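The next block holds one structure in the form of structure tokens; read it before the comments.
The values are calculated or read from the model by the stated rules, or taken from the named source; none is laboratory data. Since we're looking at a predicted model, the values are computed, not measured. We place every Cβ from the backbone using ideal geometry, glycine too, and count neighbours over all the protein chains shown.
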């Protein structure tokens, strides 16, 4: 079997940090966040998620880890601390990401009006009682605009009301070596008013090496050696026959008159961006979806669905991490996970801040908050996208720019 190109890394390709700090995991899922935190030096003492499929997979991979399949609304902080064998104030990190469907473009965006949206309150309830030195929360960036920004104001104020020093930033996993454009909001808080900086980006466009960045890790670097993969279902249905003609990096819009197709089959912008989207092997993938429909991409360049082993690679979940259950169950759990490689970078930055323990004055902290609002960076939107596409050197180009500039907004879903 062909060897992966050296640009692709997982948490297992570099030495693990020594386990110096303790963590508790909430909304744990497949442990994507916790795998990365473990590599950064955090020992998870107990995990919690109502999802029994995630629990079964975790038991298969980490039989010694206490994994509670309970509703967080029914869990007391005393239960968690008893299992972790700690007292209030002794934990180093509380970590987790509440369900994001309430705030995601892929959902109905009911925000805090959705039953799942109020699970933030229970994260905060446990935070107040356990009193860890730091907390980490992950969610979709759509939370910033949910209900015209009112949900974000409520959530941010709720965390500040706990007395924690709070930092937040939108991070794109591709900028940290993950072969996938995946924008997520990360909130980090500290019990003391200490200085914190999110990890510096390490990867960017291939022409930015002179600026000190590594080139993005491509899909081909991640999964190009899995040419004998068979862990994917057959793709069939009304539109399946159309996929073969679509160039890599393009979607159903290939068959629109606005793209110059001689026999248009779809109206312009009549479908969602992932509809018949074929992956571009020479770029990072767009975001892996948790609950894809039959015609939802990204599809493999060989005109099929991506296999579970390939999806794991695109999320930097180690190959040795065993899976159980159906294709759709595994796809859902993988799609909901935080890429461990990104989680490791964040975990290391939190550990470094805790060790340095550099205290800030109130004015210094206020300035950081102002800068956070100014510098919240997200990938550009789709743009008009009008005009005939061309194939130049094997790349899909629209109006002399890559189609990926147009569709990359989908990375927030």
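Quick check: is even one residue across region 355-364 in contact (Cβ under 8 Å) with a residue 12 or more places away in the chain, closer than 23 Å to residue 201 by Cα and not in a helix (DSSP H, G or I)? Scanning region 355-364 turns up at least one residue that is in contact (Cβ under 8 Å) with a residue 12 or more places away in the chain, closer than 23 Å to residue 201 by Cα and not in a helix (DSSP H, G or I). A count restricted to region 291-306 and to residues that are in contact (Cβ under 8 Å) with a residue 60 or more places away in the chain and surrounded by fewer than 19 Cβ atoms within 10 Å (Cβ to Cβ) stands at 3.
In the set (1) at pLDDT below 95; (2) over 20 Å from residue 295 (Cα atoms); (3) in contact with a helix residue (DSSP H, G or I) (Cβ under 7 Å, 6 or more places away or on another chain), the condition left unmet by residue 231 is number (2). In the set (1) assigned to a helix (DSSP H, G or I); (2) more than 17 Å from residue 288 (Cβ to Cβ); (3) touching a helix residue (DSSP H, G or I) at 6+ places or on another chain (Cβ under 6 Å), the condition left unmet by residue 222 is number (2).
Can you name the residue in region 182-206 that is under 27 Å from residue 310 (Cβ atoms) and without any contact (Cβ under 8 Å) to a residue 24 or more places away in the chain and, of all such residues, is nearest to the chain's Cα centre (by Cα)? Only one residue tops the list, namely 205.
To keep it simple, each residue is scored yes or no on (1) surrounded by fewer than 21 Cβ atoms within 10 Å (Cβ to Cβ); (2) at pLDDT below 95.
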| position | (1), (2) |
| --- | --- |
| 183 | no, no |
| 189 | no, no |
| 210 | yes, yes |
| 245 | yes, no |
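Of the helices (runs of 4 or more DSSP H) lying entirely inside region 14-116, those containing at least 1 residues that are within 23 Å of the chain's Cα centre (by Cα), farther than 30 Å from residue 293 by Cα and modelled with pLDDT of 95 or more are 32-39. The condition (being in contact with a helix residue (DSSP H, G or I) (Cβ under 9 Å, 6 or more places away or on another chain) and not in a loop (DSSP other than H, G, I, E, B)) is satisfied by just one residue among 320, 348: 348. Consider region 39-57 and keep the residues that are surrounded by fewer than 24 Cβ atoms within 10 Å (Cβ to Cβ) and touching a strand residue (DSSP E or B) at 6+ places or on another chain (Cβ under 7 Å). The one that is nearest to residue 335 (Cα to Cα) is 55. Only a single item in (1) under 28 Å from residue 63 (Cβ atoms); (2) in contact with a helix residue (DSSP H, G or I) (Cβ under 9 Å, 6 or more places away or on another chain) is not met by residue 328, and it is number (2). Just give me the residues in region 191-208 being surrounded by 20 or more Cβ atoms within 10 Å (Cβ to Cβ) and more than 22 Å from residue 288 (Cβ to Cβ), in sequence order. 196, the sole residue that qualifies. Taking the listed residues 330, 336, 357, the one that is at positive phi and modelled with pLDDT of 95 or more is 357, with no other qualifying.
Pairs meeting the criteria (first residue in region 152-173 and closer than 28 Å to residue 9 by Cα, second residue outside any helix (DSSP H, G or I) and modelled with pLDDT under 90, beta carbons under 6 Å, at least 6 apart or on different chains) are 170/376; 170/378.
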